[in-house]
1. Within the range 253-306, count every residue that is touching a helix residue (DSSP H, G or I) at 6+ places or on another chain (Cβ under 8 Å) and among the acidic types (Asp, Glu).
2. With (1) assigned by TED's automatic domain parsing to the domain that holds Pro70; (2) touching a Gly at 6+ places or on another chain (Cβ under 8 Å) as the list, and Ala105 as the residue in question, which single condition is left unmet?
3. In the list Arg40, Arg11, which residue meets the criterion of being in a helix (DSSP H, G or I), under 20 Å from the mean Cα position of the chain (by Cα), surrounded by fewer than 23 Cβ atoms within 10 Å (Cβ to Cβ) and free of Cβ contacts under 8 Å to residues at least 12 places away in the same chain?
4. Tell me, yes or no, whether the range 9-27 has at least one residue that is in contact with a Ser or Thr (Cβ under 9 Å, 6 or more places away or on another chain) and of a type in the set (Gly, Ala, Ser).
5. Please state which one of Lys39, Lys13, Lys48 is at pLDDT 95 or above and within 20 Å of Leu156 (Cβ to Cβ).
6. Go over the candidates Ala142, Ala112 one by one and state the one that is assigned to a loop (DSSP other than H, G, I, E, B), surrounded by 18 or more Cβ atoms within 10 Å (Cβ to Cβ) and among the small types (Gly, Ala, Ser).
7. Of the residues Asp310, Asp265, which is assigned to a helix (DSSP H, G or I), without any contact (Cβ under 8 Å) to a residue 24 or more places away in the chain and farther than 18 Å from Arg218 by Cα?
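The values are calculated or read from the model by the stated rules, or taken from the named source; none is laboratory data. Predicted, not measured: the structure shown is a model, and the values here were computed from it. Positions of Cβ are generated from backbone atoms using ideal geometry, with glycine treated the same way; all protein chains shown enter the neighbour counts.
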Amino acid sequence: MAFRDLVGNERVKCALQGAVRGGHLGHSLLFSGPEGVGKRQFALALAKTINCPNAFEGDRALPDSCDVCPSCQKIERGEHVDVLVVRPETTFLRIEQIRSLCEHAYRKPFEARWRVFIIDEAETMTEQAANALLKTLEEPPAGSVLILLTSQLARLLPTIRSRCQIYHFTPLKTAEIEGFLRKRFVRPEEEIRLLARLSEGRIGKALSMDLSVYREMRREALELLAVLSAGDRVRLIRAAEYLGRRVDREEFERRLDVLEQVLADVLRLQLEAGDVVNADIVAHLRSLAVWWPPSRVVRFMEKLAALRRDLWRQLNRQLALETLFLAECDAQP
C-alpha cells in the first residue's frame with residue numbers, strides 16, 4: 001500500500017512524507033507503538049516512496065509511491081533485492097542476522113536509489129546483536145535506510161534509541177478501522193462494527209481475527225455465566241474439567257479474554273460508561289445484568305485476574321476453576 005492508502009497515525013505519515021520532501025529523512029529510524037497499528041506497512045510505504053520514480057509526480061502535496069511501477073510492485077511482493085525485512089528466526093534476533101544485515105547495508109543499491117532494511121521486533125535483539133548494530137547506526141551508509149520496529153521501546157538499549165529518529169505510533173480510532181474495513185471488504189455492517197471494537201485500535205488484529213471462532217468462544221462464555229447464575233454445580237464442574245484439562249494454555253487464555261470482555265460489557269451497560277464492544281448481543285447482555293450487578297462483576301473479574309496471574313506457576317487449572325466457580329456459585333450477587 002502507498003501512504004495515501006494507510007489509515008491512522010496521520011501525524012507520523014505527514015512527518016515521514018515531509019522528511020522525504022525536504023531531503024532530511026534520517027538513515028536510522030525507529031517506529032515504536034503497539035503491535036498491529038501499522039508500523040510495518042508504514043515502513044514498506046516509506047521504502048516504496050523513496051525508491052519510486054513517480055513519487056513526486058502529479059498534484060500530490062507530499063511525495064508518495066505510485067504503487068504500480070516495477071519497484072513498488074517488487075517491494076509489495078517482498079521480492080525487491082534492495083529492501084530486506086529481518087525477523088526473529090526463533091525467540092530472538094541473533095547476532096548472525098544483524099551482522100549479515102550490516103554487511104549488506106554498506107553495499108551500493110543494485111537497482112534502487114536506496115537500500116532499506118526493516119528490523120521487525122527489534123526489541124528481541126540479543127545484547128550482542130544490538131551492539132553489533134550500533135556501529136552501523138552511528139555511521140550509517142550513505143545509500144541505506146535502517147528502520148527498526150518495536151512494540152516494547154523500553155527493551156531496546158538506550159544507545160540504540162539515542163541513535164535513531166523515533167516515530168511514535170498510537171492505536172487507531174474505532175471509526176478509522178470501520179472505514180478501512182468498509183472500503184476494502186464486503187461484509188455485513190454488524191461484523192464490521194464488531195471487528196473494529198474488538199481490535200482495540202489495532203488494524204492488524206481486525207484483519208487477522210476469525211469472527212466465527214470469537215463468536216463460538218463468546219457463546220460458551222455467555223453459557224458459563226448463565227450456569228453460574230443458575231448455580232448448577234454439576235455443569236460448573238464439567239466446565240472446569242473441559243477448560244482445565246482439554247484446552248491448552250494459549251486457548252485457555254483466549255477464552256479468559258472473551259469472558260472478561262463480556263463481563264466488561266455487562267458493566268458498561270449497567271454504569272452507562274463507554275461503548276459496548278459486543279453491540280450485536282446487547283439484549284442478551286442486559287438479561288445477564290439482572291444476575292450480575294456491578295459488585296458481582298467486579299468481584300468475579302478480580303478473581304479471574306488473580307487466576308491469570310497464577311498461570312505462570314503451572315497451577316492445576318481444573319482444580320482452580322472448580323474452586324472459583326463453586327465459590328462464586330455460593331456467593332451472594
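1. Residues in the range 253-306 being touching a helix residue (DSSP H, G or I) at 6+ places or on another chain (Cβ under 8 Å) and among the acidic types (Asp, Glu): 5 in total.
2. It fails just one condition, (2).
3. Numbers: Arg40 fails: free of Cβ contacts under 8 Å to residues at least 12 places away in the same chain.
Every option except Arg11 fails the conditions.
4. no
5. Working: Lys13 fails: within 20 Å of Leu156 (Cβ to Cβ); Lys48 fails: within 20 Å of Leu156 (Cβ to Cβ).
Result: Lys39 is the single residue among Lys39, Lys13, Lys48 that is at pLDDT 95 or above and within 20 Å of Leu156 (Cβ to Cβ).
6. Details: Ala142 fails: surrounded by 18 or more Cβ atoms within 10 Å (Cβ to Cβ).
Going through Ala142, Ala112 in turn, just one is assigned to a loop (DSSP other than H, G, I, E, B), surrounded by 18 or more Cβ atoms within 10 Å (Cβ to Cβ) and among the small types (Gly, Ala, Ser): Ala112.
7. Values: Asp265 fails: farther than 18 Å from Arg218 by Cα.
Exactly one of Asp310, Asp265 is assigned to a helix (DSSP H, G or I), without any contact (Cβ under 8 Å) to a residue 24 or more places away in the chain and farther than 18 Å from Arg218 by Cα, namely Asp310.
Condition check ((1) of a type in the set (Lys, Arg); (2) in contact with a helix residue (DSSP H, G or I) (Cβ under 7 Å, 6 or more places away or on another chain); (3) outside any loop (DSSP other than H, G, I, E, B)) across all residues:
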| position | (1), (2), (3) |
| --- | --- |
| Glu190 | no, yes, yes |
| Leu194 | no, yes, yes |
| Glu200 | no, no, no |
| Val213 | no, no, yes |
| Glu216 | no, no, yes |
| Leu222 | no, yes, yes |
| Ser229 | no, no, yes |
| Val234 | no, no, yes |
| Ile237 | no, yes, yes |
